[in-house]
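What follows is a single structure, written as structure tokens, with notes after it.
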């Protein structure tokens with residue numbers, strides 16, 4: 001039996017090779033065949049998740065809610081010191097230096113990442129901006145959100161903080177953050193499906209000890225991570241409740 005690993009499409013492209021390295025490491029730890037399946041869009045990935053084609057996924061918080069509450073997946077770990085925060089950024093030459101200075105009628109470049117989009121909209125409320133007086137420009141990645149900003153197609157962009165930080169220095173110099181969220185309890189998580197059940201105890205032990213093993217540390221570094229922290233049921237439920245409340 002081949003298990004299927006996937007990664008939320010909002011992961012930084014610069015760490016693409018790191019996930020292939022992790023996939024190889026994972027097969028060695030579990031003694032099982034694991035195939036890494038990557039997606040360009042959230043919707044294509046969600047369709048395969050619902051069709052039972054994914055067994056282990058590095059999921060964004062919104063999808064973690066669906067995976068756990070609808071499909072019986074179990075949250076295993078989250079990356080250490082890597083909370084999911086949202087940044088609203090403008091071009092560096094924009095006259096606006098704070099969200100409160102934004103005016104109705106602006107165009108916002110965003111992605112299909114629901115938790116980032118929702119948090120961005122919450123932060124726009126301080127400028128009395130909402131769906132009724134904002135135009136949206138949806139793009140497939142944070143690189144394309146930045147491109148829309150720099151090309152003058154949008155006034156501001158919503159970014160996952162990790163995605164913003166992974167942009168090249170050249171691109172970031174052409175932009176400026178107006179505000180960043182500070183929730184600190186929302187994270188991407190590694191989530192295991194029903195077919196992974198027999199592997200979970202070993203997988204948890206190996207993941208939480210990766211940083212103590214030289215080869216494991218190298219794998220983590222290639223993924224842009226410093227280590228994994230286990231998440232218990234209470235932490236999982238709290239995060240999912242928070243995301244559900246924000247999106248509802």
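The values are calculated or read from the model by the stated rules, or taken from the named source; none is laboratory data. Model, not experiment: these values are computed from the prediction. Here the Cβ positions follow ideal geometry from the backbone for every residue, glycine too, while neighbour counts run over all protein chains shown.
In table form, for the structure just shown:
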{"quantity": "Those residues of region 227-248 which are modelled with pLDDT under 85 and not in a helix (DSSP H, G or I), in sequence order", "calculated": "248"}
{"quantity": "Residue selected from region 80-97 under the condition closer than 20 Å to residue 115 by Cα and at pLDDT below 95, by the criterion surrounded by the most Cβ atoms within 10 Å (Cβ to Cβ)", "calculated": "84"}
{"quantity": "Count - residues of region 13-38 that are closer than 14 Å to residue 140 by Cβ and out of contact with any strand residue (DSSP E or B) (no Cβ under 7 Å at 6 or more places or on another chain)", "calculated": "1"}
{"quantity": "Residue check, residue 125 surrounded by fewer than 21 Cβ atoms within 10 Å (Cβ to Cβ) and outside any helix (DSSP H, G or I)", "calculated": "no"}
{"quantity": "Unique residue being within 19 Å of the chain's Cα centre (by Cα), in the same structural domain as residue 8 (by TED's automatic domain parsing), crowded, with 20+ Cβ neighbours inside 10 Å and not in a loop (DSSP other than H, G, I, E, B) when the list is 116, 75, 145", "calculated": "75"}
